[in-house]
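**Student:** Pasting in a structure now, in structure tokens, and then I'll have a few things to ask.
The values are calculated or read from the model by the stated rules, or taken from the named source; none is laboratory data. Note that the coordinates shown come from a computational prediction; the quantities given were computed from them, not determined experimentally. Here the Cβ positions follow ideal geometry from the backbone for every residue, glycine too, while neighbour counts run over all protein chains shown. Ligands, DNA and RNA are stripped out before the accessible areas are found, and what is left, the full protein with its side chains, is counted by its heavy atoms. Shrake-Rupley method; radii C 1.70, N 1.55, O 1.52, S 1.80 Å.
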Amino acid sequence: MSTPREEAARRRTFAIISHPDAGKTTLTEKFLLYGGALAKEAGTVKAREGRRSATSDWMDLEQQRGISITSTVLQFEYRDCIINLLDTPGHRDFSEDTYRVLAAADAAVMVLDAAKGIEPQTLKLFEVCREREIPFLTFINKFDRPGLGPLELLDQIEETLVVEPTPVTWPVGIPGDFRGVIHQGTGVYTRFERTARGSTMAPEEEIDAERAALEEGPSWDMALEESQLLIELGREVDVKSFLACESTPVFFGSALTNFGVRFLLDGVVDLVPAPAPRVLEDGSRRGLDEPFSGLVFKVQAGMDKAHRDRIAFVRVCSGKFERGMMAIAGRSGRQFSTKYAQTMFGQDRETVDVAWPGDVLGLVNANDLRVGDAVYVGAETAFPPLPAFAPEYFMRARVKDTSKFKQFRKGLSQLDEEGAVQVLRDRDLGDQAPVLAAVGPMQFEVATYRLETEFGAEIELTATPYTIARRTDAASTSALRAMQGVDVLERDDGTHLALFESRYWMDRVVTDHPELTLVRMVAEGGLA
Ligand code: G4P
């Protein structure tokens, strides 16, 4: 019988962040190829045709826009570890979602395209990582194609992210003629061999320096010189600064040809911290061996037309989860049965009977659960609240056909609960024309689409003059409302938001009225 602490020690739970097209899907698929028994067949992720034609309504939208919104979790075995890989949406408009997923992860892997380096969305997602103080590994992908030189890429990481890159592997051969990597820790050169479209693991051969010099010629000399220079400069992996998000171990590779994928997976096992006791709202920690507790980091409905249900994604934080156990939903304090617990492998769902710290469960139709809630057994548990992102886009929504008002209201409350978009109401005007608030405009597209396809309520959106918001309270409301260019609206959960027409105006109100509550939210004014 293993204990939660022992099971936690062999788990690694992380998320991949990348700019769209950098290769996140391909890399995930290759992780599964290298992963063992628990993995579904490697086609699960990349079988996009299958996945997309699957069933979900909004998968169609994802396909049209080439974005991913829905979340999946993959679990596979590698070496003696169980790896939990959490999917994050690639688009910055969904960075609040990414933030929540990172709340459930112990580390991230940042994937860069070797030809493009740091791209705008990588930077934004990275800022989310930094905000959450999540350590991250960097995988420089597509090294099989012409691109930037390795030193140039390191410079970019250092200058743009202000994080010290510490290579774990160093490439031999230029981008486009990628032969293999030198392991910076051992000095061993591993040469890869291509397989047809990387459908099987890349054969690897360890080659000694003499033979490498003979067979690789100038490519080897240059790689060796650079590799040694980096060591002399002290650019070696440093666990302490990695955990503090001050340095990032860097791996070079090509997900398409599988080059370097194994080194990255080894890095995940060796460097990503195992689940540790989680900090609670009161600052104490709940030990891994305490009874079951978990954090709800995402709520999603409408994932599958065939099952019109709502899933709360829960990261196990302590104890052993056993399906069917009675657990308490933190916010309401109500007990519920966990009979319907699932794992999500892409679009496939499977019943999960047992889970340990670091694992992710989907609790189906646990309707009391909201993002940020704790689910637990035994002593009352609450996690620090997940901070809300500052919305910057505000549109007024009206239902086109007033006979569909009920559906409209139901749909909005669902989207609000999921955090797909924030729904703000004027106390006096009620539900007629709420304001939808978003971090990025694509959230409106998702809301419109889902209201129409899942709830049968077509909506019309009209612009509002507001561009920035701060959290306020009931006491400050009337003074703010009396001002020009300011409005105060409420969310269902009782949060008051003060909306301003311009940042200039907001700054002035903040300066002139220190007596008013106006609290900054995460990523106000955009991420970096
Ligand atoms: P994403 O999930 O981050 O958006 O990226 P995805 O894996 O879908 O990869 C985007 C494109 O980049 C795909 O090409 C993929 O094959 C290619 N790619 C990924 N990794 C590598 C790599 O290491 N080397 C090279 N050369 N290409 C890579 P596509 O043409 O859009 O799709 P497909 O027809 O190849 O599936």
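**Student:** Within segment 449-463, can you find the residues that are of a type in the set (Val, Ile, Thr) and either assigned to a strand (DSSP E or B) or at pLDDT 95 or above (or both)? Write out each step before concluding.
**Tutor:** Start the filter on segment 449-463 by keeping residues that are of a type in the set (Val, Ile, Thr), which leaves 453, 459, 462.
Listed by number, the residues that qualify are ILE459, THR462.
**Student:** Same structure, new question: If you go through segment 144-194 one residue at a time, how many are under 15 Å from LEU264 (Cα atoms) and within 16 Å of the ligand (Cβ to nearest atom)?
**Tutor:** Matching residues across segment 144-194 total 5.
**Student:** Here are some residues: ALA388, ALA366. Which one is open to solvent by less than 50 Å² (accessible area, probe 1.4 Å), touching a Lys or Arg at 6+ places or on another chain (Cβ under 9 Å) and free of Cβ contacts under 8 Å to residues at least 60 places away in the same chain? Full working, then the answer.
**Tutor:** On the way: ALA388 fails: free of Cβ contacts under 8 Å to residues at least 60 places away in the same chain.
None of the other options fit; the residue is ALA366.
**Student:** Now for a different question. Take segment 1-35 and flag every residue that is closer than 21 Å to ALA355 by Cβ, part of a helix (DSSP H, G or I) and open to solvent by 30 Å² or more (accessible area, probe 1.4 Å).
**Tutor:** ARG5, GLU6, ALA9, listed by residue number.
**Student:** Within the bounds of segment 469-476, is there any residue that is within 14 Å of VAL399 (Cβ to Cβ) and of a type in the set (Val, Ile, Thr)?
**Tutor:** No, segment 469-476 has no match at all.
**Student:** Would you confirm, using the coordinates I've provided, whether ASP348 is at pLDDT below 90, open to solvent by 50 Å² or more (accessible area, probe 1.4 Å) and not hydroxyl-bearing (Ser, Thr, Tyr)?
**Tutor:** Working: at pLDDT below 90: yes; open to solvent by 50 Å² or more (accessible area, probe 1.4 Å): yes; not hydroxyl-bearing (Ser, Thr, Tyr): yes.
Yes.
**Student:** A follow-up question, please. Within segment 226-252, track down each residue that is in contact with a helix residue (DSSP H, G or I) (Cβ under 6 Å, 6 or more places away or on another chain) and either within 16 Å of the ligand (Cβ to nearest atom) or open to solvent by 80 Å² or more (accessible area, probe 1.4 Å) (or both).
**Tutor:** Once the filter is applied, which keeps residues that are in contact with a helix residue (DSSP H, G or I) (Cβ under 6 Å, 6 or more places away or on another chain) and either within 16 Å of the ligand (Cβ to nearest atom) or open to solvent by 80 Å² or more (accessible area, probe 1.4 Å) (or both), segment 226-252 yields only PHE251.
**Student:** Answer with yes or no whether LEU74 is part of a strand (DSSP E or B), modelled with pLDDT under 90 and either of a type in the set (Ser, Thr, Tyr) or crowded, with 21+ Cβ neighbours inside 10 Å (or both).
**Tutor:** Working: part of a strand (DSSP E or B): yes; modelled with pLDDT under 90: yes; either of a type in the set (Ser, Thr, Tyr) or crowded, with 21+ Cβ neighbours inside 10 Å (or both): yes.
Spelling it out, LEU74 is indeed part of a strand (DSSP E or B), modelled with pLDDT under 90 and either of a type in the set (Ser, Thr, Tyr) or crowded, with 21+ Cβ neighbours inside 10 Å (or both).
**Student:** Also, quick follow-up: If you check THR381 against the conditions, is it open to solvent by less than 40 Å² (accessible area, probe 1.4 Å) and under 26 Å from ARG491 (Cα atoms)? Walk me through how you get there before you give the answer.
**Tutor:** Working: open to solvent by less than 40 Å² (accessible area, probe 1.4 Å): yes; under 26 Å from ARG491 (Cα atoms): yes.
Yes: the conditions hold for THR381.
**Student:** Also, I was wondering about something else. For the condition of a type in the set (Ser, Thr, Tyr) and under 30 Å from the mean Cα position of the chain (by Cα), what is the one hit in THR477, THR472? Outline the logic, then answer.
**Tutor:** Details: THR477 fails: under 30 Å from the mean Cα position of the chain (by Cα).
On inspection, the qualifying residue turns out to be THR472.
**Student:** Follow-up question, since we're still on this one. For segment 88-183, give me every one of the helices (runs of 4 or more DSSP H) that falls completely inside it and has 1 or more residues that are modelled with pLDDT of 95 or more and not polar (S, T, N, Q). First the steps, then the outcome.
**Tutor:** On the way: elements: 95-103, 120-132, 150-156.
The qualifying helices (runs of 4 or more DSSP H) are 150-156.
**Student:** Taking GLY260 as meeting all but one of (1) open to solvent by 50 Å² or more (accessible area, probe 1.4 Å); (2) touching a residue at least 40 places away in the same chain (Cβ under 8 Å), write down the number of the exception.
**Tutor:** Going through the list (1) open to solvent by 50 Å² or more (accessible area, probe 1.4 Å); (2) touching a residue at least 40 places away in the same chain (Cβ under 8 Å), GLY260 breaks only (1).
**Student:** Among strands (runs of 3 or more DSSP E) lying entirely in segment 234-323, which contain 1 or more residues that are farther than 30 Å from ASP113 by Cα, out of contact with any Lys or Arg (no Cβ under 8 Å at 6 or more places or on another chain) and at pLDDT below 95? Walk me through it before giving the result.
**Tutor:** Numbers: elements: 247-252, 293-301, 310-318.
In segment 234-323, 310-318 are the strands (runs of 3 or more DSSP E) which contain 1 or more residues that are farther than 30 Å from ASP113 by Cα, out of contact with any Lys or Arg (no Cβ under 8 Å at 6 or more places or on another chain) and at pLDDT below 95.
**Student:** Further, regarding this structure: Looking at ILE182, ILE157, ILE140, which is the one that is open to solvent by less than 10 Å² (accessible area, probe 1.4 Å), more than 29 Å from PRO89 (Cβ to Cβ) and touching a strand residue (DSSP E or B) at 6+ places or on another chain (Cβ under 7 Å)?
**Tutor:** Values: ILE157 fails: more than 29 Å from PRO89 (Cβ to Cβ); ILE140 fails: more than 29 Å from PRO89 (Cβ to Cβ).
After ruling out the rest, the residue left standing is ILE182.
**Student:** Take segment 96-143 and flag every residue that is more than 20 Å from ILE157 (Cα to Cα), within 16 Å of the ligand (Cβ to nearest atom) and touching a helix residue (DSSP H, G or I) at 6+ places or on another chain (Cβ under 8 Å).
**Tutor:** The answer is THR98, and nothing else.
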